[in-house]
Amino acid sequence: MNEAQKARENLSEAGRDDAGERADKKETDNKNKADEEGAMAFSAQDLILAGHARHRRLRPMRNAFSYGVYTVRLALRARAAREAAGTLRDTRIFAHNRFGLLSFHDRDHLGPEGEGASALEWIESVLRKNDIHDADGEIYLHAFPRVMGYVFNPVSFWLCERADGALRAILCEVRNTFGERHCYLLAPGGPILNGVLLSAKKEFHVSPFFAVEGEYDFRFMSVPPKAGKPFRFLARIDHKDAAGPVLLTSLSGAGRPLRDASALRVFFAYPLLTLGVVAKIHWQALKLFVKRAPFFGKPPPPVQSLTREKK
């Protein structure tokens, strides 16, 4: 091989190397761009909401209460995008999957079938299993946080949006004081509008003073922040039996961005919130017992861990 041929081959190899490097760089740039676009697409803030939990029993004897509470509203896909970009940070007051004055642990919201998954991975699997493939927007988890490491969530809400921001599905995750858990999936097919009535058959034992019969009526309302007013949220769950409404409940709150100042404000305004939730549940149960409310033994939990809305 003469010198001219060797030179041509060297130039050809160099050209192939340059082309390969350019292709690798383009692929890396495209991936980075996709990551950046994903982070931009899911940019919702986490919120902390202060409000009230209200219950009103209508019969056979009346009993009502209203307590001040606070909840967190976590934007799960925005959090995942920030985690992928390396920008997700705990505050000094609020921690994720570790101890904090206030904290959120994924495992607090996963059944045995979700062991080892993140909260986002679990809810996405629930949506897939139930043939909901267009909830491709933000997913918000609305729940009590751990307070000093302790939490009890009587009900948590997973609000699943489409890419256009319309609410596509809601998962209501219900727990009782016996350590059991059941989910009600509300997904009528189209967008879930503010205040629309959704119903599901009651399948799960929550209180010994109510039989596992009848239906739940659900209504949800969200009002975005406007003109200096905060985001507002309302969830209503009413229990009715063959004779009509028997229990009216609601959870409301006005939200601010989840930061150290807002977290400290509610931490001191509602001391030991989650311990208080359990204490107040038992206090109300004692009042009903004294009033001789009908008592129902705890049946076995339902075989299926999820109930779909009533069509």
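Every read-out reported here was derived from the displayed coordinates using simple, explicitly stated rules and does not represent laboratory data. Just so it is clear, the structure is predicted and the values come from calculations on it, not from any experiment. Cβ atoms come from the backbone with ideal geometry, glycine included; neighbour counts cover every protein chain shown.
Net charge of the neighbourhood of K226, taken over other residues with C-beta under 15 Å away and scored Lys/Arg +1, Asp/Glu -1, is +3. Taking the longest Cα principal axis of the chain as reference, the axis of helix 3-41 is set at about 20 degrees. Shown here: mean projected area of the Cα convex hull in nm², derived from the displayed model; of the candidates (1) 22.7; (2) 36.6; (3) 16.8, it corresponds to (1). Here the Karplus relation 6.51 cos²θ - 1.76 cosθ + 1.60, evaluated at θ = phi - 60°, turns the backbone of region 225-237 into coupling constants of x, 7, 6, x, 8, x, 4, 10, 9, 9, 10, 10, 10 Hz, with x for every Gly and Pro.
Working from label points 7 Å from Cα in the Cα-to-Cβ sense, the A227 to A211 distance is 5.0 nm. Shown is the FRET efficiency for A117 and F295, computed with R0 = 51 Å from the Cβ-Cβ distance and rounded to the nearest 0.05: 0.85.
Placing a pseudo-label 7 Å from each Cα along the Cα-to-Cβ vector at R92 and Q45 gives an inter-label distance of 2.0 nm.
Only helical DSSP H runs with n ≥ 4 go in: add -39500 (n - 2.57) per run for the chain, normalise by residue count and round the 222 nm mean residue ellipticity to 500 deg cm²/dmol.
Numbers: 5 runs with 88 residues, N = 311.
Helices in the chain give a 222 nm mean residue ellipticity of -9500 deg cm²/dmol.
Given R₀ = 25 Å, what would the calculated FRET efficiency be for D164 paired with R219, taking r from the Cβ atoms and rounding to 0.05? Using R0 = 25 Å, I get an efficiency of 0.70. Note on R259 and W283: their simple-model spin labels are 3.3 nm apart, each label 7 Å out from Cα toward Cβ.
Here the residues D46, D131, ranked from fewest to most Cβ neighbours within 10 Å of their Cβ, fall in the order D131, D46.
Of R265, R168, R79, the sequence from fewest to most neighbouring Cβ atoms within 10 angstrom is R265, R79, R168. In this structure the amide hydrogen of A166, modeled in the peptide plane, comes within under 5 Å of no amide hydrogen from residues 5 or more places off or on another chain. Return the FRET efficiency for the residue pair D241, L275: r is the Cβ-Cβ distance, R0 is 30 Å, and the value is rounded to the nearest 0.05. About 0.40, to the nearest 0.05.
With 20 Å as the limit, write out which pairs from K202/K280; K129/K311; K202/K310; K202/K298; K202/K311; K240/K311 have Cα-Cα distances beyond it, or answer none.
Correct reply: K202/K280.
Fully extending the segment from E180 to S305 would add 44.0 nm, taking 0.36 nm per residue of separation and subtracting the current Cα-Cα distance. Between K226, K298, K280, the Gaussian network model of the chain with springs among Cα atoms under 10 angstrom shows the greatest mean-square fluctuation at K226. Computed on region 38-125, with alpha-carbon pairs under 8 angstrom and 6+ residues apart, the relative contact order is 20 percent.
The angle between the Cα long axis of helix 119-129 and the longest principal axis of the Cα atoms of the chain comes to about 80 degrees, rounded to the nearest 10.
Could you put H239, H52 in order, starting from the residue whose Cβ has the fewest other Cβ atoms within 10 Å?
Values: H239 20, H52 12.
Going from sparsest to densest Cβ surroundings: H52, H239.
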